[in-house]
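Report on the structure given below.
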Amino acid sequence: MKRNVLAASLAVFLALAALFSTVVIVTAGRQETPVDLAAAFDIMRLTPTSAAAPDFTLASLETSSTISIDDFRGQVVFLNFWATWCAPCVAEMPAMQTLYERYRDDGLVVLAVNVREDEATVQEFIDRLGVTYPIALDQAGAVTNLYNVRGFPTTMIIDRGGNVIGVKLGYHDWDEEATMNAFGEIMRMGSR
C-alpha cells in the first residue's frame, strides 16, 4: 500500500514538475528582448535621457478640442517644438511627415507644438505645407518652458510608457533612410 501511495505521489510530482517547466519555457519565450538604442541614437544624433514626460493640455489646431500628452500613452510620441519663422523647423517638417506615414500604423504619434504664434498664422502655414500629424498651440509658451526647450527645433522622443528617452536640439533629416531604420528600433520597444 505504501508503495502505491509513494508511486502515485511521485507521478503527481513529476507531472507538476513537467507542467511548471513548460510554463517557464513558454513564458521565457514571450519575454521581450531588450533593445539596444545606442546605435540608433548615434544615427539620429539624439541625446539619451530618462525622465517622465510632464503631462500637458494644449489647444489643437485641427479641432476645437485639446491635446494632452497622456492621450498618447502606449504609443511612441515624437514631440517637436517649432515656429513658422524658424527655417530649420520648416525644413524638417516634410521629413517628419514621411517618418509619421511610415510608422503611424505601428503606434507613432508626431505631435508638433507651435510656440507663441497665433492660430491664423499657424493654420495658413500648415495648410501650405500639407502635413497631417497633430499640431498643438503653445501660445503662452508654458509647455515649452515645462519641457525646458531652449532652441528651435527641439524634438523629444517619448516611449510607450510615457518617458522621455531622447532629445534632439536642431534640424535633422528625419526621412533619411538610415534615420528611418534607426527609428524602427525605437518603435520596437515595448511593442506587442
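The values are calculated or read from the model by the stated rules, or taken from the named source; none is laboratory data. Please read all numbers here as calculations on a predicted model, not as lab measurements. Heads up, the Cβs are rebuilt from the backbone with ideal geometry, glycines too, and the neighbour counts pull from every protein chain shown.
Mind listing whichever residues of the stretch 111-145 are in a strand (DSSP E or B) and within 16 Å of residue 85 (Cβ to Cβ)? Show your work before the answer.
Taking the stretch 111-145 as the starting set, the residues that turn out to be in a strand (DSSP E or B) are 111-115, 135-138.
Result: 112, 113, 114, 115, 135, 137, 138.
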Candidates 136, 120, filtered to the one that is buried (at least 18 other Cβ atoms within 10 Å of the Cβ) and closer than 21 Å to residue 63 by Cβ: 136
Search result, residues across the stretch 38-71 that are assigned to a strand (DSSP E or B), touching a Gly at 6+ places or on another chain (Cβ under 9 Å) and either without any contact (Cβ under 8 Å) to a residue 40 or more places away in the chain or closer than 21 Å to residue 184 by Cα (or both): 47, 48, 49
Any chance residue 106 is surrounded by fewer than 14 Cβ atoms within 10 Å (Cβ to Cβ), within 13 Å of the chain's Cα centre (by Cα) and among the charged types (D, E, K, R): yes
So residue 132, is it within 29 Å of residue 42 (Cβ to Cβ), among the polar types (S, T, N, Q) and in the same structural domain as residue 183 (by TED's automatic domain parsing): no
Search result, residues across the stretch 152-182 that are among the hydrophobic types (A, V, I, L, M, F, W, C), under 17 Å from residue 49 (Cβ atoms) and either at pLDDT below 95 or buried (at least 20 other Cβ atoms within 10 Å of the Cβ) (or both): 156, 157, 158, 165
Selection from the stretch 142-151 of residues that are touching a strand residue (DSSP E or B) at 6+ places or on another chain (Cβ under 6 Å) and either exposed (fewer than 14 other Cβ atoms within 10 Å of the Cβ) or farther than 15 Å from residue 53 by Cβ (or both): 151
